[in-house]
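Here's the structure we're looking at; comments come further down.
The values are calculated or read from the model by the stated rules, or taken from the named source; none is laboratory data. Here the structure is a predicted model, which means the values were calculated and not measured. Using ideal geometry, Cβ is built from the backbone for each residue, glycine included, and neighbour counts are taken over all protein chains shown. Side chains are part of the model used for accessible areas, which takes the heavy atoms of the whole protein and leaves out ligands, DNA and RNA. Shrake-Rupley method; radii C 1.70, N 1.55, O 1.52, S 1.80 Å.
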Amino acid sequence: MNKRKTLAVALMAAATLGLNAQKPMTAPAGGKAISDELLGIFFEDISSAADGGLYAELLQNGSFEFSPAERDGWGAGTAWKQLRPGHSLGTLQVRMDSPIHPNNPTYMRLHTERVKEYHDYAGWKGFGLQNDGFGGISVKAGAKYDFSAFFRNIGAAKQVRIALVEPQGWGKDPKLLCDATIDVKAASWTKYDVTLSPNATCEKAALQILVLTLGDVDIDQVSLMPQETFKGHGMRADLAQALADLHPKFMRFPGGCVVHGGGDGFWDTYRWKTTIGPKEQRRGLKNTWGYHQSMGLGYFEYFQFCEDLGMEPVPILPCGVSCQGANGGWNMWPTQAQDVLPMSEMDEWVAEAIDLIEWANGDPATNKWAKMRADAGHPAPFNLKYLGLGNEEKISPEFIERFKYIYERVTKAHPEIVIVGTAGPGSHAGNPDFEAGWKLAEELDMPILDEHYYEPRDYFLNKRQYDGYPRDRKTKVYLGEYAAKDKKLIDALAEGLYLLHVERNGDVVCMTSYAPLFARRDNTNWNPDMIYFDNERAYPTCSYYVQQLFGQSAGQYYYGDCVRFQGDEAGVEQPQEGVHYGQSVVLNAKTRRLYVKLVNATDGAKTADIDLSRFKGIKKNVTKTVIAGKADDENNYDAQPIAPQTETLKAKKKFSLDLQPYSMVMLEYQL
């Protein structure tokens, strides 16, 4: 045998050994089959989570669509400043005649009357606009940023200077970071692009657009995007990576109350069809939380992001009624009014759901919606599996009638799609909406029902909601929104203890997602949130790190009898009501990994006796990860005292493990 053939055989043998090492294993006796999609994420555009957040666009109001109907004092010029350096002169005019697209009707006309350079302006002249982004534009030296805008020229060609600058205060020339000049000639709306690369790092940069030629030019859909985004798909790299590090199995989107007009009624409902085309053709929307959504982050980007992270997409659509909190409804408890669509209009919303399924999964050769997906750059199907109908609506008779109507038609058209229903707000026994939601789910044999609750930490420390759920129900639970009402370490440990309980009930609960996910530092609508951020960095909370451990340790089998806490007379099945410590052992038979998770939410040390003798083939090393601190420790903008500490130890099958007060430990074994 020649050397080349010998090497090929050796490489093939090595590859075979590698594949064999990852072959799924047979689970040892004593385990309970559970969902391996227990931890996902829920994204809602709340607290400026999208524009200026996960969506990497650096300019605010680039389409000039801000309106006083969205916020008092707002208008087309919000986030823009008029510029006339060198005593240049001109006027700005807001216009809506002959726009780029009816969904994007507002644009700005720049009329330049005089371009003059005074000696004390050191080359700065022209008339135009400045945008400071979201509290300043953060740029890095040598990085590349793609500027684009639609211009429509009137008359002679216009020379337009595009510059990134560091403002120096009133009356002083800005510091030039980089610039470029474009010649605008087209008499119809045309997109112009240029790449900018700053010569210095600046946290508070601004973009300037200066017309250097007399006359009129129209401008719209102005954008500045970093070239470095997550997998090149427009998501801010550090925030997207923070989500990737959670190892989420699914993402629910786009809300939340955003789904069904939670702020002003059903007219303000999110429509996915106006978010999938070219950016200049998308329709911005007044956000439920009091600001403008550009829809730069639309359904195509949501689905693409799910694909990038290996998550199942879980889009949520409305089903004919608004949030009961619309039009001040939260102040009308318990009579909360809902906007309700006439039944004669419900076929439109049935089509909304069916068309979404066909857009996501259909064949571009035979389906117009699938062709739109392909034309946007994704000819292969997204393989949509789940579809949510409704978001914590009051389970009123009107809701039930409309939900049944859409549910029955969608499931008939696409029986392969797993429908996620809603249990209404406040998913606890005794709540009339909760009871009505479950009654409806059982009547329809609904696959999954979405429960929501936000509670003080004591609830998560002491309650074990799912222990009493019937095991023979066809309907599984998705805990779609939950969180303790603070962000200290003790709150994160309470949530961790509750997730141990969820894992033990992973035959009943199939998915969970903490909420909300993101909050911008200077525009926060809700507290607590999992990840806070500003223009420079992300600030993970204690809860983020607990969620991360559970996301990393998904599996298909739960074992409740491998761990016993010393001095515990209650038995090994932890966590129990009123017991503030607990354990979970989960096997991922697909990846041949075993996870032991322990939470001690008490002020005293605990010792756990661990016996993993039933698991054969444990490799020699184990990875130990610890989250620990003081009960009131809190990660914030000034300090991040809580983060996982990881070390590699020699693996043992039978041993005792000491847990610090207020700590979580995870052991990861390879089998």
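Going residue by residue through segment 443-454, is there one that turns out to be within 18 Å of CYS510 (Cα to Cα) and open to solvent by 30 Å² or more (accessible area, probe 1.4 Å)?
Yes: one or more hits.
Listed here are the residues, each with its yes/no results for (1) under 21 Å from ALA237 (Cα atoms); (2) within 13 Å of the chain's Cα centre (by Cα); (3) touching a residue at least 12 places away in the same chain (Cβ under 8 Å).
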{"residue": "PRO28", "(1), (2), (3)": "no, no, yes"}
{"residue": "GLY31", "(1), (2), (3)": "no, no, yes"}
{"residue": "ILE34", "(1), (2), (3)": "no, no, yes"}
{"residue": "ILE41", "(1), (2), (3)": "yes, yes, yes"}
{"residue": "GLN60", "(1), (2), (3)": "yes, no, yes"}
Report task. State whether one or more residues within segment 460-476 are touching a residue at least 24 places away in the same chain (Cβ under 8 Å), within 22 Å of ALA429 (Cβ to Cβ) and within 24 Å of the chain's Cα centre (by Cα). Result -> yes
**Report entry** Considering residues of segment 649-671 that are assigned to a loop (DSSP other than H, G, I, E, B) and hydrophobic (A, V, I, L, M, F, W, C) only, the residue farthest from LYS487 (Cα to Cα)
**Finding:** LEU671
Report task. Using the structure shown, decide if ALA206 is touching a residue at least 40 places away in the same chain (Cβ under 8 Å), of a type in the set (Gly, Ala, Ser), open to solvent by 10 Å² or more (accessible area, probe 1.4 Å) and under 30 Å from ARG84 (Cβ atoms). Result -> no
Query raised in the report: Any residue in segment 363-376 that is open to solvent by less than 50 Å² (accessible area, probe 1.4 Å), assigned to a loop (DSSP other than H, G, I, E, B), at negative phi and modelled with pLDDT under 95?
Result: no
Report summary line: Expected output for segment 290-309 (first residue in a helix (DSSP H, G or I), partner surrounded by 24 or more Cβ atoms within 10 Å (Cβ to Cβ) and among the aromatic types (Phe, Trp, Tyr), Cβ below 6 Å, 6+ apart or cross-chain) is TYR302/PHE253
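So, LEU19, is that one at pLDDT below 90 and either of a type in the set (Val, Ile, Thr) or outside any loop (DSSP other than H, G, I, E, B) (or both) or not?
So LEU19 fits the description; yes.
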Query raised in the report: Out of all the residues in segment 625-639, which are crowded, with 16+ Cβ neighbours inside 10 Å, over 14 Å from GLY496 (Cβ atoms) and touching a strand residue (DSSP E or B) at 6+ places or on another chain (Cβ under 9 Å)?
Result: ASN635
Report summary line: By residue number, the members of segment 113-124 that are touching a Lys or Arg at 6+ places or on another chain (Cβ under 8 Å) and open to solvent by less than 70 Å² (accessible area, probe 1.4 Å) are VAL115
Report task. Inspect all residues belonging to segment 233-253 and state whether any of them is touching a Lys or Arg at 6+ places or on another chain (Cβ under 9 Å), surrounded by fewer than 21 Cβ atoms within 10 Å (Cβ to Cβ) and polar (S, T, N, Q). Result -> no
Query - Looking only at segment 24-35, and only at residues there that are open to solvent by 40 Å² or more (accessible area, probe 1.4 Å) and of a type outside the set (Ser, Thr, Tyr), the one that is farthest from SER584 (Cα to Cα) - result: PRO24
**Report entry** Odd one out for LYS394 among (1) charged (D, E, K, R); (2) under 19 Å from VAL477 (Cα atoms); (3) surrounded by fewer than 16 Cβ atoms within 10 Å (Cβ to Cβ)
**Finding:** (3)
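Where in segment 202-284 are there strands (runs of 3 or more DSSP E), lying fully within it, with 3 or more residues that are closer than 30 Å to LEU89 by Cα?
Counting at least 3 such residues, we get 202-211, 215-226.
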Query raised in the report: What residue, among those in segment 133-175 that are surrounded by 15 or more Cβ atoms within 10 Å (Cβ to Cβ) and of a type in the set (Phe, Trp, Tyr), is farthest from ALA187 (Cα to Cα)?
Result: PHE134
Query raised in the report: So which of THR181, THR195 ends up being within 20 Å of GLY86 (Cβ to Cβ) and hydroxyl-bearing (Ser, Thr, Tyr)?
Result: THR181
Query raised in the report: Does segment 306-320 contain any residue that is at pLDDT below 95, buried (at least 19 other Cβ atoms within 10 Å of the Cβ) and touching a Leu at 6+ places or on another chain (Cβ under 7 Å)?
Result: yes
Query - Flag if ILE618 is β-branched (Val, Ile, Thr), in contact (Cβ under 8 Å) with a residue 60 or more places away in the chain and either surrounded by fewer than 18 Cβ atoms within 10 Å (Cβ to Cβ) or closer than 23 Å to GLU495 by Cα (or both) - result: no
Report task. Filter segment 64-96 for residues that are touching a strand residue (DSSP E or B) at 6+ places or on another chain (Cβ under 9 Å) and over 23 Å from ILE162 (Cα atoms) and give the result. Result -> SER67, ALA69, GLU70, ARG71, TRP74, GLY75, MET96
**Report entry** Lone unmet requirement of (1) of a type in the set (A, V, I, L, M); (2) open to solvent by less than 10 Å² (accessible area, probe 1.4 Å); (3) more than 21 Å from TYR558 (Cβ to Cβ); (4) part of a helix (DSSP H, G or I) for ALA483
**Finding:** (4)
Query raised in the report: Restricting attention to segment 507-524, does a residue exist that is open to solvent by 20 Å² or more (accessible area, probe 1.4 Å) and within 16 Å of the chain's Cα centre (by Cα)?
Result: yes
Query raised in the report: What's the number of the condition ASN104 fails, among (1) surrounded by fewer than 20 Cβ atoms within 10 Å (Cβ to Cβ); (2) over 26 Å from LYS172 (Cα atoms); (3) in contact (Cβ under 8 Å) with a residue 24 or more places away in the chain?
Result: (1)
Query raised in the report: Being touching a residue at least 12 places away in the same chain (Cβ under 8 Å), within 28 Å of ALA515 (Cα to Cα) and of a type in the set (D, E, K, R), is that true of even one residue in segment 368-384?
Result: no
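With of a type outside the set (S, T, N, Q), assigned to a loop (DSSP other than H, G, I, E, B) and at pLDDT 95 or above as the only criterion, which of PRO381, PRO425 stands out?
The match here is PRO381.
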Query raised in the report: Does any residue of segment 634-648 turn out to be small (Gly, Ala, Ser) and in a strand (DSSP E or B)?
Result: no
Query - Filter result (within 23 Å of GLU280 (Cα to Cα), aliphatic (A, V, I, L, M) and either exposed (fewer than 15 other Cβ atoms within 10 Å of the Cβ) or under 29 Å from the mean Cα position of the chain (by Cα) (or both)) within segment 63-95 - result: ALA69, ALA76, ALA79, VAL94
Requested in this report: Search segment 591-613 for residues being within 17 Å of HIS580 (Cα to Cα) and among the polar types (S, T, N, Q), and hand back the single one that is least open to solvent (accessible area, probe 1.4 Å).
Outcome: ASN600
